[in-house]
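Have a look at the structure below, then the notes.
The numbers here are math on the coordinates, done by the rules we state, and not lab data. Everything quoted here is computed from the prediction, not taken from an experiment. Note that we place each Cβ from the backbone using ideal geometry, even for glycine, and neighbour counts take in every protein chain shown.
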Amino acid sequence: MMTLLKLRRGQYSLVEEQVHAGSAVAGRSLTELDLEAGCVLVGVVRGSELLIPHGDTQLMPGDEVLAVVDASAAAALAALLGPPRTRPDEG
């Protein structure tokens, strides 16, 4: 996750994260996501196009998601958009 701008002395940040192909959110609409209360998606860059996200916007692999997040919600957003976690025994 890349921090683009810190706000309120780092309490909030504008961040960018790419939707991983294996992410659980790939192909799902925003209304289906379980976002933290301190996270607001503000833009989706798909190719050369900037999409203003709405509830029916589907996240696709490779999309660059722009979000304003509370410091406590950043890790949860990165986990949601990133690759699926593997258990240590799933090498």
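Would you mind checking which residues have amide H under 5 Å from GLN18's amide H? H placed 1.01 Å from N; only 5 or more apart, or other chain.
Distant-sequence amide H within range of GLN18: VAL65.
Dividing the Cα convex hull volume of the chain by residue count, how many Å³ per residue is that?
Taking the convex hull of the Cα positions in the chain, it is 107 Å³ per residue.
Please turn the phi angles of segment 51-57 into ³J(HN,Hα) values with the Karplus equation 6.51 cos²θ - 1.76 cosθ + 1.60 (θ = phi - 60°), one per residue in order, whole Hz, x for glycine and proline.
Rounded to whole hertz, the list is 9, 8, x, 10, x, 8, 5.
What ranking of GLU17, GLU49, GLU32, GLU64 emerges when the number of other C-beta atoms within 10 Å of each C-beta is taken as an exposure proxy, fewest first?
So the ranking, lowest neighbour count to highest, is GLU49, GLU32, GLU64, GLU17.
Once amide H atoms are built 1.01 Å from N in the peptide plane, which residues 5 or more positions from MET60, or in another chain, come under 5 Å H to H?
GLY27
Work out the length of the dipole vector of segment 2-83 about its Cα centre, built from +1 on the beta-carbon of each Lys and Arg and -1 on the beta-carbon of each Asp and Glu, and round it to the nearest 20 debye.
300
Would you pull out the residues with amide H under 5 Å of GLY43's amide H, same chain only if 5 or more places away, H placed 1.01 Å from N?
Amide H neighbours of GLY43, under 5 Å, 5+ apart: LEU66.
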